[in-house]
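Below is one structure, written out as structure tokens, with a few remarks after it.
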Amino acid sequence: MRAFVAVRQYLLSSEVQSKEIEDLRNRIQELEMQGEKTLRIIRNLGEETLGSINDLSEDIRNGIDNIYIVLTELADKKSSKKLFIQ
């Protein structure tokens with residue numbers, strides 16, 4: 001009789017453990033899926049950020065180019081005025 005009770009208790013406790021293990025597996029799978037989604041979001045944000053930085057960098061380069069062009073034109077005008085004055 002004691003053996004029967006011991007086996008019964010073991011089976012009941014192992015069922016509980018099996019259920020707990022299954023619950024833990026499900027939770028781990030959910031966390032893995034959430035992690036994958038989070039990484040995808042981070043990757044997308046990173047790509048968008050790099051794109052924005054590149055656009056801004058290109059705009060700044062264009063602005064600097066325009067400044068150099070204007071300075072060159074001013075220098076040319078100034079040097080042509082000196083030639084006429086002499």
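All of the numbers you see were taken from the coordinates with simple rules; none came from a lab. Here the structure is a predicted model, which is why all the values come from computation and not from measurement. Heads up, the Cβs are rebuilt from the backbone with ideal geometry, glycines too, and the neighbour counts pull from every protein chain shown.
Odds and ends about this structure:
- Counting only residues at least eight positions apart within a chain, or on another chain, the aspartates and glutamates with an alpha carbon under 19 Å from that of Lys77 are Asp65.
- Dipole of segment 14-86 [Lys/Arg +1, Asp/Glu -1 at C-beta], most positive-end residue of Ser57, Ser79, Met33: Ser79
- The C-alpha atoms of the chain define a longest principal axis, and helix 2-85 lies at about 0 degrees to it.
- Taking label positions 7 Å along the Cα-Cβ direction at both Lys77 and Glu48, the computed distance is 4.4 nm, reported to one decimal.
- For the chain, adding -39500 (n - 2.57) for each run of n ≥ 4 DSSP H residues and dividing by the number of residues yields -37500 deg cm²/dmol at 222 nm.
- Globularity index of segment 10-52, i.e. its alpha-carbon radius of gyration over 2.2 N^0.38 Å: 2.03
- Cα-Cα separations in the chain greater than 22 Å, expressed as whole percent: 70
- Label point distance in nm, Val5-Leu39, each placed 7 Å from Cα along Cα→Cβ: 5.2
- Overall, the chain carries a charge dipole of about 220 debye about its Cα centre when +1 sits on the Cβ of Lys and Arg and -1 on the Cβ of Asp and Glu, all other atoms neutral.
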